[in-house]
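To keep things clear, I will list the structure first and then write my remarks on it.
Only the coordinates and a few stated rules stand behind these numbers; no lab work does. Since the structure is predicted, the reported quantities are computational estimates derived from the model, not experimental observations. Here the Cβ positions follow ideal geometry from the backbone for every residue, glycine too, while neighbour counts run over all protein chains shown.
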Amino acid sequence: MMNQTTLIYDGSFNGFLTCVFQAFDEKLKLVAIQKNKQVQNELFSESTTVFTNIEQAKRVWTGIRNKSFNAISTIYFAYLSENEGVEMMLYTYIKKLMAKRGTQVDFSDETILYIHQLAKKVGREKHRVEAFVRFQLTKDQIYFANIEPDFDVLPLISKHFKNRYADQQWLIYDAKRNYGIFYNLDGVEIVSLDIKELHYNRTQQSNVFTSGEYAYQELWNNYFKSTNIKSRINRKLHTQHVPKRYWKYLSEKKEAV
Amino acid sequence: MNFERIKEKLNILADAAKYDVSCASSGSSRTNTNKGLGNSTGMGICHSYTEDGRCVSLLKILLTNHCIFDCAYCVSRRTNDIKRAAFKVQEVVDLTINFYRRNYIEGLFLSSGIFKDPDHTMERLIRVAKKLREEENFNGYIHLKSIPGCSDELMYEAGLYADRLSINIEIPTVSGLKLLAPEKDHKDFIQPMNKVKNEIIRYNNERKIIKNTPKYAPAGQSTQMIVGATGESDKDVMYSATYYYKKYSMKRVYYSGYVPVLEDNRLPAIGSQVPMLRENRLYQTDWLLRFYGFAVNEILNDDYPNLDMDIDPKLSWALRNMHLFPVDINNADKRLLARIPGLGMKSVHKIIHARKFRKLNWEHLKKIGVALNRAKYFMVCDSREWERKDREPSKIKGLILQNSASKFRNQISNQLSLFN
Ligand code: SF4
């Protein structure tokens, strides 16, 4: 009987793909793929640390792409959910995909449906963040926003903001994961900041921002209020669209928080 | 900038604009090429939602609420005693840019009361759009209202800067228009619509030959009808909607339940309920016509001039056509699948993909996300169990209603009594 193996990787997407490569290549019998930060010992299995290898990751990537273009983004989106155990689910998904062309749309298969739905969830979070980011203009002319998304969506939203705000410097910071993306008018770079104070859209003003900033926030809040049609009010529908966990970042909602 | 003054204007002019329900910001094709500001390609984004659950994606304001007309259904009508205000062109430009940079909005939706005359008003709206495009290098979404009765030349110019143009029919029947807006002529609405349609056709043809033909209203045109103001039937509303979709290649027709804003004996009294449920049923019908392959006379005709309020229009149609069911979801073609109540187009696509791999049963369908409580009476799948008893339409309807919770339940009981 072959030994059961647990693979441990550095937590990067390329690292994960390297695991997949090695599992295929060495025909391993995997029981788990774990990030090195969260290793739990599996009984009765050997664990091996995998070093990220871009070449191997690329081969898996093109391998999948040759089977299906859609599956590529499904896999990446689902991966960014950071759900516990998602790596093994993805590994199973990729195995199925490699075995038979077109499997990615077999929604009667549980793994396929699970990954598909997980990717959808991450996609929804991406859209929400794209909608609910609220920039505040700092005195050094950077449009700054804090977010705390459920999933690690910064890599997914970068392109959208770069295309849209090509002529202004902006910084979107994920306070939960402690890193951000900064656009410096040329390209987007990953930054990590030492932020003591999170800049929610508090009623209390911060001197980091320009004075005009608060004027525009107030105009926006006013605008938001006057769009209401009283005889049509439907709070339930409202919170369904704008879940409460986003409110602290929305200036139009700051009085409600 | 005089901030307090701007704030006051914004309150007045946003308040007056909110009855226009269109908020779409999708379907344009303006990419940010020259490192300018903004991008409007593909899907629109709702940046927030009003407390009644409508999408907020555009800064929707009037340039002014001064108006020389006196349309009965409109807050800005000449004889209404309200505060009036007017923005300067530059003020609108500044607001738009500053809101856009903070990611509050997808762009601007600018409408106006008619001051002086239609051309004057339209010319001012165009100036805002032109400034945004040419001076601010703005590629966000711009929706301009076409002013009834304005000239073809101005409609041509408007389309060069706007993504979408719209003109609201407001009253679905010509007789209703005569009653409520006697100073307005039906053809004042039609002429700008026609011009826009022709220009779009011209643009699409020329673009095939000359690649850099200047864009003309890439997100097309739309219109809005007020429902519940003149006693029109659902058939009246949907037949005229169908007419505008076909004749003027409308991208969208919007339906806006009449909100009583003024006392006028030609209109429902202040305090009457806004027909939101009816509005919702009209939108459902609109979708069935645009995406589900239904023809309008299948749903509404002389025998059925009004939609059911307690069930959705697809279910209502199915119950009248039980001879077409049950449909075998493992064999039926897409068109037929789309007609099963409770089955949306997304589920239809999933079924079509998944059934290539194996025959689908109830379990599969449930996981895919089909609303079985409605659908099960109208389909068979890979299972011996299916609803063969209770084939009476009235019984099925009763069973479905028992097992569903509608967000409009309160309104249903309220409004049903109104409609009966
Ligand atoms: S012309 Fe327009 S703004 Fe003026 S009263 Fe009629 S609907 Fe209202």
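Odds and ends about this structure:
- Burial ordering of B:363, B:157, A:55, fewest other beta-carbon atoms within 10 Å first: A:55, B:363, B:157
- Global dimensions of segment A:55-115 from alpha-carbon coordinates: Rg and Dmax equal 10.9, 34 Å.
- Amide H contacts under 5 Å for residue A:137: A:144, A:210, restricted to partners 5 or more places along the chain or on a different chain, H placed in the peptide plane at 1.01 Å from N.
- Scanning chain B for DSSP H helices at least 30 Å long along the axis (C-alpha atoms) with a Kyte-Doolittle mean no lower than 0.0 picks out nothing.
- Entries in A:96/A:176; B:60/B:130; B:145/B:197; B:60/B:184; B:314/B:395 that, when Cα-Cα distance is taken, lie over 26 Å: A:96/A:176
- Measure of compaction for the protein assembly as shown (Cα Rg per 2.2 N^0.38 Å): 1.06
- Against the main long axis of the alpha-carbon atoms of chain A, helix A:86-99 sits at an angle near 60°.
- The Cα center of segment B:144-210 and the Cα center of segment B:291-364 differ in position by 36 Å.
- 10 Å-binned pair-distance histogram of segment B:329-390 (Cα, whole percent): 23, 64, 13, 0
- Chain B: mean projected area of Cα convex hull, nm²: 23.5
- Over segment A:133-256: Kirkwood hydrodynamic radius from C-alpha pairwise inverse distances, Å: 15.8
- Whole-angstrom gap from segment A:120-150 to segment A:60-113, using each part's C-alpha centre: 28
- Legend: residue pairs A:100/A:159; B:7/B:83; B:187/B:215, Cα-Cα distance threshold 21 Å; pairs beyond threshold, A:100/A:159; B:187/B:215.
- Likely footprinting exposure, B:29, A:251, B:146, B:222, fewest C-beta neighbours within 10 Å first: B:29, B:222, A:251, B:146
- For residue B:195, the aspartates and glutamates whose Cα falls under 13 Å of its own Cα, not counting residues fewer than eight places away in the same chain, are B:152, B:153, B:157.
- Pairs of Cα atoms nearer than 8 Å and 6+ residues apart set the relative contact order; for chain B it is 11 percent.
- Note: relative contact order over segment B:222-274, using C-alpha pairs below 8 Å and six or more positions apart, is 41 percent.
- Between residue A:170 and A:143, A:183, A:185, the built amide H atoms are under 5 Å apart, and every one of these is 5 or more places off in sequence or on another chain.
- Residues A:244, B:235 in ascending order of nearby Cβ atoms (within 10 Å, fewest first): A:244, B:235.
- Looking at segment B:3-290 alone, DSSP beta bridges between its own residues are antiparallel in about 20 percent of cases.
- Beta bridges per DSSP, both residues in the protein assembly as shown: antiparallel share near 30 percent.
- When the Gaussian network model of chain B links Cα atoms closer than 10 Å, the mean-square fluctuations of B:358, B:133, B:391 top out at B:358.
- Measuring nothing but how far apart in sequence close Cα pairs (under 8 Å, 6+ apart) lie, relative to its length, segment A:4-124 scores a relative contact order of 27 percent.
- The aspartates and glutamates within cross-link reach of residue B:350, meaning a Cα-to-Cα straight distance under 19 Å and a gap of 8 or more places when in the same chain, are A:106, A:109, A:110, B:328, B:333, B:363, B:382.
- Volume in Å³ per residue [convex hull over Cα atoms, computed for segment B:1-86]: 157
- When DSSP beta bridges are restricted to pairs lying wholly in chain A, around 45% turn out antiparallel.
- Cleavage-rule hits (trypsin sites (Lys or Arg not before Pro)) in segment A:1-103: DSSP loop, at most 12 neighbouring Cβ within 10 angstrom: A:27, A:100, A:101
- By definition, a body whose alpha carbon gyration tensor gives a ≥ b ≥ c is prolate when a/c is 1.5 or more and a/b is larger than b/c, and segment A:16-118 fits this prolate description.
- Relative to the current alpha-carbon distance between residue B:352 and residue B:79, full extension at 0.36 nm per residue lengthens the span by 92.5 nm.
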